[in-house]
Amino acid sequence: MSEGIPITIKSKKDYELYLEADRIALGKKYKRPKLIGDDIWKFQRLLRKAEYYNNCPKSFIHKLYLNYILFRLHRMSIHLGYSIPLNVFGPGLCIAHRGTIVVNKDARVGENCRIHACTNIGSGRGSDLLAPKIGNNVYIGPGAKIFGNIEIADNIAIGANSVVNKSFYEKGVSIAGVPAKKINSKGSEGMVIAATKVISVPARQEAVDRVTVTEHIN
């Protein structure tokens, strides 16, 4: 994860950061989804709310509200065709289209992932724990299947209908095929929006400003 970016939502501040990163990654210029439309954005916001209430329990009422959110998330998941567990995707998620997306609960995907329809991120044979670990700024093309106890490095682009069943440790490459192999060194540049970098730059500047003010006071 980028400097200062949390791996999972552990506070209200983290929750707000994830919401903003997802908005930027989805290319939305306005702050909240429209009443009609924006179904994918609404789903992602609900996913983040469920993660926040799941990870930051405060009271019995809090837990009751979580159950209500999970019910709504389940209904929207069926409507859109998604099976996406909590705490899998880092901030800056961009689900490109509605359509079947199935993700194992033990998979982990970093920041700024762009994922298309008809994709599967699954476990290996014999254990749900043997699920992929995917880095930051990864593009997952339509129909891609990624499974097993494998690792995918940062800035990789996975081509449409690829079957990825082995690790790729080289950053910034494009892979495709059945089974997948490296096809070039272009990677995901220009295919994903690095939303967390857009957010983290002002945050770092704010920290510098605070230090400067403290030095002047002292």
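Read-outs throughout are calculated quantities, based only on the coordinates presented, and are distinct from any laboratory measurement. All of these numbers come straight from a predicted model, not from anything done at the bench. Neighbour counts run over all protein chains shown; Cβ positions are idealised from the backbone, glycine included.
As a proxy for reagent exposure, VAL103, VAL163 were ordered by neighbouring Cβ count within 10 angstrom, fewest first; the result is VAL163, VAL103. Less than 5 angstrom separates the built amide H of TYR82 from those of ILE101, all sequence-distant by 5 or more or on a different chain.
Karplus-derived 3J(HN,Hα) values for the range 94-103, using 6.51 cos²θ - 1.76 cosθ + 1.60 with θ = phi - 60°, are 10, 8, 6, 8, 6, x, 4, 9, 10, 10 Hz; glycine and proline are entered as x.
Pairs of alpha carbons in the range 1-86 separated by more than 17 Å make up 52% of all such pairs.
Just the ratio, please: alpha-carbon radius of gyration of the chain over 2.2 N^0.38 Å, N its number of residues.
Values: Rg = 18.2 Å, N = 218, 2.2 N^0.38 = 17.0 Å.
Rg over 2.2 N^0.38 Å, computed on Cα atoms: 1.07.
Each of LYS49, LYS58, LYS63 was scored by other Cβ atoms within 10 Å of its Cβ. Arranged with the fewest first, they read LYS58, LYS63, LYS49.
Of all beta bridges that DSSP places with both ends in the chain, some 15 percent have antiparallel geometry. Using the Karplus relation 6.51 cos²θ - 1.76 cosθ + 1.60 with θ = phi - 60°, the per-residue 3J(HN,Hα) values for the range 16-24 come to 5, 5, 4, 4, 5, 5, 5, 4, 5 Hz, with x marking Gly and Pro. Pairs spanning more than 18 Å between alpha-carbon atoms, out of LYS145/LYS181; LYS13/LYS58; LYS58/LYS105; LYS12/LYS49; LYS12/LYS133; LYS133/LYS186: LYS58/LYS105; LYS12/LYS133; LYS133/LYS186.
When the helix-only estimate is applied to the chain (DSSP H runs of n ≥ 4, each -39,500 (n - 2.57), divided by the residue count), what is the mean residue ellipticity at 222 nm, nearest 500 deg cm²/dmol? Mind dumping the intermediate values first?
Values: 4 runs with 75 residues, N = 218.
The per-residue figure over the chain is -11500 deg cm²/dmol.
When +1 charges are put on Lys and Arg Cβ atoms and -1 charges on Asp and Glu Cβ atoms, the dipole computed for the chain relative to its Cα centre reaches about 660 debye.
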